[in-house]
Amino acid sequence: MASTTAYLLMHQAIRVETRRLADFAADLAAGRRHAGPAQLAALRTHLDEVANVIHHHHISEDEDLWPLLRRFAGPVDRVDGVDPLEGLAGDHEVLDPLMGRVRTALTRLAAPASAGTASAASAGAGTKVGTGTGTDAVADFAAAAAALLALMDEHLAVEEDIVLPIMRERVPDEELVALEKRMQRRSGIRLGFALPWLAAADPAGMAETAAKLGPVLPVLLALTRRGYQRRVRAAYGVTAVSPGPVTLRGEAEIVIEATPEQVYDAVADVIRMARHSPECHRCAWLDGAAAPLLGARFRGWNRFRGARWSRECEIVTAEPGVAFAYRTVPTRALPDSTLWRFELTPAAGGTRLRQTFELSGAAPIMVFERVSGRTSSTPKAMARTLARLRDDLAGGSNVGGASNLGGASNLGGVTEGRAGIGADLVSA
């Protein structure tokens with residue numbers, strides 16, 4: 001029986017991408033997410049690559065696959081008098097322009113209205129962007145992305161219902177192998193993008209496909225994966241790519257005499273939090289951000305025993321009164337990433353605030369953590385941060401210092417309540 005793994009691998013990647021895009025656009029339009037000019041430009045660049053892959057996939061189906069299916073299956077049963085393969089080709093004529101509509105809306109959204117004006121994709125604010133208002137541009141982007149997702153889902157489902165039985169039951173394996181070679185020769189797809197894109201969508205399917213094509217494909221994938229991951233993080237945010245296994249955890253906890261909403265507002269104010277930590281002494285918003293929305297980025301500057309560093313961070317959870325979290329953004333020079341999370345629960349006398357960190361770092365980072373003593377000092381610093389926050393909310397004296405909000409591997413905080421290494425050290 002002919003294998004359809006590679007064919008389904010492409011479909012899975014398209015499904016993952018269009019769903020991710022529609023969710024991103026919907027969050028933007030609803031005001032739940034921030035995306036500034038730099039991120040929107042990175043997303044547009046990423047979608048240019050995606051559109052190129054999908055366009056050439058459609059051309060290969062129209063010019064190579066459909067004729068092959070007709071050759072071995074004969075006339076495909078008509079549905080309401082229409083040849084289903086012709087209907088699929090007709091979908092292609094709609095899908096490609098629809099992808100273009102998404103990219104055009106995104107370009108309009110990313111273009112700043114004037115120098116010094118925030119671009120705005122903090123969506124609901126209506127800040128002017130490009131040739132229209134931020135609200136209009138975001139709405140166009142979200143509508144186009146939702147339409148692309150709906151049509152693509154329907155198209156792929158119908159296509160698989162029609163095509164897979166014929167490919168599996170009637171087309172000889174050697175014909176499918178020859179088809180794949182013809183499609184590869186004629187394709188304008190850039191492998192440096194397509195290979196890691198497919199692998200990210202379906203690692204098992206990619207592994208099966210690579211095993212049939214010899215040793216070259218895994219080597220190409222290894223060479224291109226890291227660059228692809230950086231581009232996806234720039235386009236969709238840090239949660240789009242796994243940071244790797246957690247190698248160090250820590251936590252601190254305190255009860256504060258204030259409501260969860262009051263405590264949340266204080267914790268989510270990253271500029272204000274920089275007054276409390278023993279390490280992070282300054283924070284600043286990046287890429288047009290000005291409020292703690294999902295996806296908003298800021299930079300934190302840290303100091304510890306003579307060491308100085310700064311890290312870009314991205315907000316990954318923003319649930320008022322419940323939870324707030326951000327993650328340090330990996331770079332070539334600093335590939336580690338730490339998730340800093342604040343959880344709030346009602347308690348007798350106020351709100352229980354629990355701060356945790358989860359570091360995902362390779363061996364060199366773990367050596368620094370151990371040798372510097374940060375494996376034990378960071379939870380203590382978190383305890384002090386939470387205590388200072390408590391005093392600030394109580395109207396007590398403000399203690400200067402840093403906020404561990406944006407530390408290189410750690411963004412520590414304060415707490416005199418309870419502190420400790422949570423799940424201990426995990427092997428790097």
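The values are calculated or read from the model by the stated rules, or taken from the named source; none is laboratory data. This one's a predicted model, so the numbers in the text were calculated from it and none came from an experiment. Cβ placement follows ideal geometry from the backbone for every residue including glycine, while neighbour counts extend to all protein chains displayed.
Points worth noting:
- Qualifying residue in region 295-311 (condition: outside the structural domain of Ala234 (by TED's automatic domain parsing), free of Cβ contacts under 8 Å to residues at least 40 places away in the same chain, out of contact with any helix residue (DSSP H, G or I) (no Cβ under 7 Å at 6 or more places or on another chain) and basic (Lys, Arg)): yes
- Filtered by the rule that a residue be assigned to a helix (DSSP H, G or I), touching a residue at least 40 places away in the same chain (Cβ under 8 Å) and among the β-branched types (Val, Ile, Thr), region 144-183 gives Val158, Ile162, Val163, Ile166.
- Number of the condition not met by Ile365 [criteria: (1) at pLDDT 80 or above; (2) among the β-branched types (Val, Ile, Thr); (3) within 21 Å of Val263 (Cβ to Cβ)]: (3)
- Residue in region 26-36 that is surrounded by fewer than 18 Cβ atoms within 10 Å (Cβ to Cβ), touching a residue at least 60 places away in the same chain (Cβ under 8 Å) and either touching an Asp or Glu at 6+ places or on another chain (Cβ under 7 Å) or of a type in the set (Asp, Glu) (or both) present: no
- Yes/no for Thr259 being of a type outside the set (D, E, K, R), within 20 Å of Val53 (Cβ to Cβ) and more than 25 Å from the chain's Cα centre (by Cα): no
- If you filter region 132-184 down to residues that are modelled with pLDDT under 90 and of a type in the set (Val, Ile, Thr), you find that the one that is nearest to the chain's Cα centre (by Cα) is Thr135.
- Residues of region 269-292 satisfying the condition of being hydrophobic (A, V, I, L, M, F, W, C), touching a residue at least 60 places away in the same chain (Cβ under 8 Å) and surrounded by fewer than 20 Cβ atoms within 10 Å (Cβ to Cβ): Leu286, Ala290, Ala291
- The combined condition, being under 30 Å from Phe24 (Cβ atoms) and in contact (Cβ under 8 Å) with a residue 24 or more places away in the chain, is fulfilled by Ala194.
- Residue satisfying condition, being at pLDDT 90 or above and of a type outside the set (Phe, Trp, Tyr), within set Arg44, Arg70, Arg78: Arg44
- Only listed residue being in the same structural domain as His46 (by TED's automatic domain parsing) and either charged (D, E, K, R) or within 21 Å of Ala362 (Cβ to Cβ) (or both), chosen from Ala194, Ala200: Ala200
- Within region 81-91, the set of residues being touching a helix residue (DSSP H, G or I) at 6+ places or on another chain (Cβ under 6 Å) and either crowded, with 17+ Cβ neighbours inside 10 Å or modelled with pLDDT under 85 (or both) comprises Pro84, Leu85, Leu88, Asp91.
- In the set (1) crowded, with 18+ Cβ neighbours inside 10 Å; (2) in contact with a Lys or Arg (Cβ under 7 Å, 6 or more places away or on another chain); (3) closer than 17 Å to Leu393 by Cβ; (4) not hydrophobic (A, V, I, L, M, F, W, C), the condition left unmet by Thr345 is number (1).
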